[in-house]
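The block underneath contains the structure these notes are about, expressed in structure tokens.
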Amino acid sequence: MPHLALIAAILGLAALLSPARAEKLVLSLSTHRVAVTSSFVGADLVLFGTVEPDAPRLALRNAYDIVVTVTGPRATLRTRRKERVLGIWVNVDSREFIRVPSYLAVLSNRPVAEITNAETAQRMQLGLSQVILTQRIGADFADTVPDDPFRVNFINLRKEAGQYRETPNGVTFLTPTVFRVAIPLPADVATGGYTVDVKLFANRQLVTRNNTALEVIKTGFEQYVYEASQHHGLIYGIVSAMMALFIGWAGSVVFRRD
């Protein structure tokens, strides 16, 4: 009997310590592959999701919040600061951002500050001000404070280009448990793999999360040129030089004066 009581106590303690998951997320993306051609002007993807009970006969809650983070392929980018010197704008300083997302969108049904606390938002990188953007500062690699001028201007430049966005009304609940998310991709979107991470909150606490993925690829003549430049560099260089010479010669013939 004492052994049975000890086992029951251990099981009860484990049940208290293990996270209770009463819900799960079911996701459906309108397409998992975006083809980029010469006429590509951007795309609007649609993500549908539902909140379902994780086990039969478990009741769902009355209100939920959703935060969706879309992250594109990582790249190393540089931001430069210009100043006017003797009447001429010149680069006086620069900062390199190491393997940061080429595309980043944070979409939610209301502001993140109303969905969860600041500590959770920082830990889960919910929002452009919370995402880690590693910089090369001299010989060191680190992220800086959110109001660092280089960091702020880097995010602003990416936002102006449509590559970074934070939309507090980007998630629409069609019913209390069915939601829709519009994911806009700009015309100059980077090719590669994208992750779509969806987090479900209730009462300012994370309930569960799920993710899906999509791929942006080049097709047609653009893909042929890209592959030639990557895998047949010598031939690509010779053909490019010959085309430049031909275009120059043709231009001189067309516009020459007799």
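May I ask you to give the percent of accessible area on segment 23-219 that is carbon plus sulfur, with a probe radius of 1.4 Å?
Ligands and nucleic acids excluded, carbon and sulfur give 50 percent.
Taking θ = phi - 60°, what integer Hz values does the Karplus form 6.51 cos²θ - 1.76 cosθ + 1.60 yield along segment 188-195, in sequence order, with x for Gly and Pro?
Karplus-based 3J(HN,Hα) across segment 188-195 equals 9, 5, 6, 7, x, x, 10, 10 Hz.
What nm distance separates the two modelled labels at Asn156 and Arg99, each placed 7 Å from Cα along Cα→Cβ?
The two pseudo-label positions are separated by 2.9 nm.
How many lysine pairs are close in segment 23-219, with Cα atoms under 27 Å apart and the two 8 or more places apart or on different chains?
4
Provide the per-residue ³J(HN,Hα) series for segment 99-115, in order, calculated from phi with Karplus coefficients 6.51, -1.76, 1.60 and θ = phi - 60°, each as a whole number of Hz, with x at glycine and proline positions.
Using θ = phi - 60°, the values come out as 6, 9, x, 6, 9, 8, 10, 10, 10, 8, 8, 7, x, 4, 4, 8, 8 Hz.
5 Å is the cut-off here: which amide hydrogens, built 1.01 Å from N in the peptide plane, fall below it relative to Glu166, excluding neighbours closer than 5 in sequence?
Val106
Among residues other than Tyr103 whose Cβ falls under 12 Å from its Cβ, what is the net charge (Lys/Arg +1, Asp/Glu -1)?
+3
The values are calculated or read from the model by the stated rules, or taken from the named source; none is laboratory data. Owing to the predicted nature of the structure, the values given are computational and were not obtained by experimental measurement. Ideal geometry is used to build each Cβ from the backbone, glycine not excepted, and the neighbour counts take in all protein chains shown. Ligands, DNA and RNA are stripped out before the accessible areas are found, and what is left, the full protein with its side chains, is counted by its heavy atoms. Shrake-Rupley method; radii C 1.70, N 1.55, O 1.52, S 1.80 Å.
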